[in-house]
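Following: one structure in structure tokens, then a few remarks.
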Amino acid sequence: MDGSDAIPLRYGDDPYVWACWLYYEDGMTQSEIAEAMGVSRATVNSYLADAREKGIVNISIEPARLASLTVAQELKRHFGLTDCLVVPSDDNARPLIDRLGAAGAQALPKLLKSGDTLAVAWGRTVLSVGEHAGITSLQDMTVVQATGGTTASFPYTPELCASAVARAIAARCVNITAPAVVRSPELLQMLLDEPLVREQFATLARSNRVLFGISSLRPNSTIHTSGFFESVSLQDYLAAGAVGVVAGRFIDERGRPVAGPLDHRTVGISLDLLRRIGTRIAVAGGFDKVPALLAALRGGYVNVLITDAATGHGILRADGGTALDSRLSHRPKLVQTLSTYRSHVKKFLNNPNEVVEEMLDGVVKAHEKYLKPINGSHRALAARSGPRPEKVGLVIGGGTGHEPCFLGYVGKGLADAVAVGNIFSSPPPDPIVQCAEAASGGAGVLFVYGNYAGDVMNFEMAAEIAEEKGIRVQTVLTTDDIASSPIEDREGRRGVAGNFFIFKIAGAACDRGLSLEACAAVTRKANLRTYTMGVALEPGAMPQTRRHNFEIGPEDMEVGMGIHGEPGVTRERIRSADEITDSVMDRVFNEMKAAPGDRVAVLVNSFGATPLMELYILFRRVQQRLAAKDILIEANWIGHYCTSLDMVGASITILHLDQELSELLHHPCETAFLKIN
Amino acid sequence: MSEIAVRRLIEMFDAISSDIGAERDRLSELDGAIGDADHGITMAIGFSAVTSELARTDASSAELSSVMTAAASAFLNAVGASTGPLYATAFRRAAQALEGCDALDLGTCALLVQSIASGIRERGKGQRGDKTMLDVWLPAADAAAQAIAAGKPADAFWADVTAAAQNGANATRSMVATKGRAARLGERSLGHMDPGAASAVLIIGAMARTLR
């Protein structure tokens, strides 16, 4: 319908102005406007977006607030921070400590979650955060004092800071019942051996967040007036190049620890432990703190910074190499066009940039029985069962987004270690080398992974490094996707859901104690006898963009779809489930030379969003086609085995068995997603 | 002398990182047309790791070569993928080429562009016409060599290099991919600019802006 008929005279014939007036001035919702104008809500949405593009509507942000936002973004980008909050500097009505405390208090609800253990260091700003905060919505919170205690001659002792914050977030408070600085290293050791103190330190070691201030060493700083270091001369540290103090520890301008007389006499969190905590919130401001803050940022002690605009600007200038000033003078473009009514896919997310880490946190806990991090890293996971002497180690790996591939197949009788990359991206060489070392039992290591340019480069670099370390490595690339290249280019094909069977065979061969060469040979045979083809109905969406990776028309399907959401080989009109299955099975039969009476294993795999109901419908037809050729299904798996985020679609894999492969397929294994006994 | 050059090199990475960050979604969309839609994200992760690593570098004691080495490992450890080894090798070759250099004069800039190009070619085993980032880096390296041979001043040097890069990227539209995931698409990759070529243009543009 033509909405312009309904436009009141005062708007002329401009529906954009009318829509904007109703939205911004009259405060109507988009649905109400749609009704008033007689158009759809999507049209209203596009009027509003276009109006901003065309300059009919200008949204302005108060310059001081914009400046602090720009400084915050620049700090975040320059130092790779998780988050940064910068309070405007023009508001001088209140003392800085007070404003920083209020800002910290405002940020805490976004940074804390129920069940957290928050370590709290001492200082005026930290106390101010505690005094301003008031969060009642969190459960099972623990606050732990990050250092020992001090004399109560000043109002922001470690004890008071910890209890103020604990009160403010309704947390249980664990104090460290020992002095922050003791007389001798021997006394320190004795104190740390006390069961009570040991228990308190165990809580400290469990912290997943830490809140601290940063002290400069300039003459007027609190470090001189507080009682914390009254027993030593700060001159020793200044002479050694110290520029700041983080949680009672001295650092130099690059953030490196500075050695001094207190090293073995300080009771509290170590810099190493601090740096390993996931969320490290520093609240500090004031121009005299710029060198100390810069040092803490360079040292990696901070990943969430709360400061004021003048200090933030100072830090960036002191570090040089930023385009901040030009950015402050050129107002950034704030408008974004909304080209379609609904452009984002809904997902369960916290921080889109942390999805892999957060998933791995969950995986490591959920599958503790099978998996353990190698050297504390979640990007390299080893089987709990561990490598056995004289057994070939099996290392698999690849990008994430394919769960349960690859980490679901690590455990006894299957893979010994898995290297985990970013979403759809190969892991770098380093974690792969760590996996090789963890999996090595002295009989060599077998790398099995999908044939993709990125994986090949990274695994090859890793294999070279492993060989230099004296670990023999052989590689088998999986190439089971029959749609990805013609048969003449068998070696150029990509590896997809057939990984499931190929890993299983490789794991069994290793577990049976075969030599590295024999393991590689039988794995190659399994790869050559595995045939997969996928069909996608709807695209998936990356968590970072929440947009579809590509589009598939409303009546179309993508045939030959791989597991990275990359477009398939042909696009056709969607057909019935049986017709789709038939076209896949026809291509499989074309290549698989199976005789009546031969045995196969079948995998019907969801790409993520396709439910079991439809997978069984596909399996039904697979079984019919195999039965008609008198081919026996010896084993089958139906479900999510190698996915592509939330793509809608499925793949069918057939493993053409022989006696050897059949025995290896039934060999016992125990992993999170495949158990055979 | 060296400290100023080191700062400029760090600034260069900062500029690359912020340009890539600003174009992240466009790069991912280009990749979505022919690949797996992660190129912008991967590059942004990689260069932001480089800048945060370099933010911890002491410009007064570092050398041009050590900045490139630090950039190489930061990039590689952050991303993996295929861009990880490609740019890591590129930066490592650049580190070797810049060994002993303490000023970023035009000759050194040309060396930088050329060693990055040859590092990528070596690791990716590719060539011009494959519809990859090499279609940008190789012409840019040639343009740099020619500009030096012709004794051109800085502005003309960078104008030639960026023009060669942009032309190279535009040329990928009419190529059929033979490397990487786009290769599986065959002729369906026609008409799309290669995302790796597009990001290479951004990198070279940021280099020109900061090193000019």
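The values are calculated or read from the model by the stated rules, or taken from the named source; none is laboratory data. Because the structure is a prediction, the values reported are computed rather than measured. Don't worry about glycine lacking a Cβ; one is built from the backbone with ideal geometry, like all the others, and counts go over all protein chains shown. What goes into the accessible areas is simple: the full protein's heavy atoms, side chains included, and nothing from ligands, DNA or RNA. Shrake-Rupley method; radii C 1.70, N 1.55, O 1.52, S 1.80 Å.
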Accessible carbon and sulfur surface of the range A:480-628 relative to its total accessible area, %, 1.4 Å: 52 percent
Shape call, chain A: gyration tensor on alpha carbons, a/c limit 1.5: oblate
Partner lysines for A:Lys504 [C-alpha distance under 29 Å; skip if fewer than 8 residues away on the same chain]: A:Lys365, A:Lys369, A:Lys372, A:Lys391, A:Lys412, A:Lys469, A:Lys525, A:Lys593, A:Lys629, A:Lys675
Charge dipole magnitude, Cβ of K and R +1, D and E -1 - the range A:49-178, Cα centre, debye nearest 20: 80 debye
Shape call, the range A:96-207: gyration tensor on alpha carbons, a/c limit 1.5: oblate
Average beta-carbon neighbours from other chains, 10 Å sphere, peptide B:68-80: 4
Rounded accessible area of A:Ser515 (nearest 10 Å², 1.4 Å probe): 60 Å²
Shielding of A:71-81 by partner chains, average beta-carbon count, 10 Å: 4
Whole-number accessible area per residue in Å² for the protein assembly as shown, which is evaluated in the context of all protein chains at 1.4 Å: 40 Å²
Listed residues A:Cys435, A:Val143, A:Gly562: farthest to the positive end of the dipole of chain A (Cβ charges): A:Val143
Accessible surface of A:Arg124 - all protein chains present, 1.4 Å probe, nearest 10 Å²: 120 Å²
Gain in span if fully extended, A:Lys369 to A:Ser515, counting 0.36 nm per residue against the direct Cα distance: 49.8 nm
Estimated dipole of chain A in Debye, rounded to 20 [Cβ of Lys and Arg +1, of Asp and Glu -1, Cα centre]: 1300 debye
Cysteines without a disulfide-compatible partner [chain A; Cβ-Cβ under 4.7 Å]: A:Cys20, A:Cys84, A:Cys161, A:Cys173, A:Cys435, A:Cys510, A:Cys519, A:Cys669
Three-way shape label, the range B:13-147, alpha-carbon gyration tensor, a/c 1.5: oblate
Inter-label distance, nm, simple model (7 Å from Cα along the C-beta direction), B:Asp155/A:Ala240: 5.4 nm
10 Å Cβ neighbours from other chains, averaged over peptide B:49-55: 5
B:Gln127/A:Asp263 FRET efficiency (R0 56 Å; Cβ-Cβ; nearest 0.05): 0.45
Chain B: angle of helix B:134-149 to the longest principal axis, Cα-based, in degrees nearest 10: 40 degrees
Where a label projected 7 Å from the Cα of A:Ala318 along Cα→Cβ would reach, residues of the range A:262-302 with amide N under 15 Å: A:283-302
Antiparallel %, DSSP beta bridges [both residues in chain A], to 5: 45 percent
Theoretical FRET efficiency, 1/(1+(r/R0)^6), r = Cβ-Cβ of A:Arg167 and A:Gln189, R0 35 Å, to 0.05: 0.60
Which of A:Asn677, B:Ser52, A:Thr475, positive extreme of dipole for the protein assembly as shown (C-beta unit charges): A:Asn677
Ordering of B:73-86, A:476-489, A:597-610 by packing [mean C-beta count within 10 Å, highest first]: B:73-86, A:597-610, A:476-489
Estimated buried accessible area (total), pair A and B, 1.4 Å, Å² to nearest 100: 3400 Å²
Dipole in debye (nearest 20) - the range B:2-211, about Cα centre, beta carbon charges: Lys, Arg +1; Asp, Glu -1: 600 debye
Nearest-ten-degree value, helix A:577-591 long axis tilted from longest Cα axis of chain A: 70 degrees
Relative packing of A:541-549, A:302-310, which averages over residues the other C-beta atoms within 10 Å, highest first: A:302-310, A:541-549
Spin-label model distance (nm) - B:Ser66 vs A:Arg490, 7 Å beyond Cα toward Cβ: 5.3 nm
Packing-based order for B:42-51, A:197-206, A:371-380, using average beta carbon neighbours within 10 Å, highest first: B:42-51, A:371-380, A:197-206
Residue list for the range A:138-173, given a label point 7 angstrom along the Cα-to-Cβ vector of A:Glu131 and an amide N cut-off under 11 Å: A:155-156
Projected label distance in nm at A:Ala205 and A:Asp630, using a 7 Å step from Cα toward the beta-carbon: 6.7 nm
Gain upon complete extension [A:Ser60, A:Tyr616; 0.36 nm per residue less C-alpha separation]: 194.6 nm
Calculated FRET efficiency for the pair A:Phe589/B:Val176, C-beta based, R₀ 41 Å, to 0.05: 0.85
Rounded percent of accessible protein surface that carbon and sulfur make up, the range B:2-211, 1.4 Å probe: 50 percent
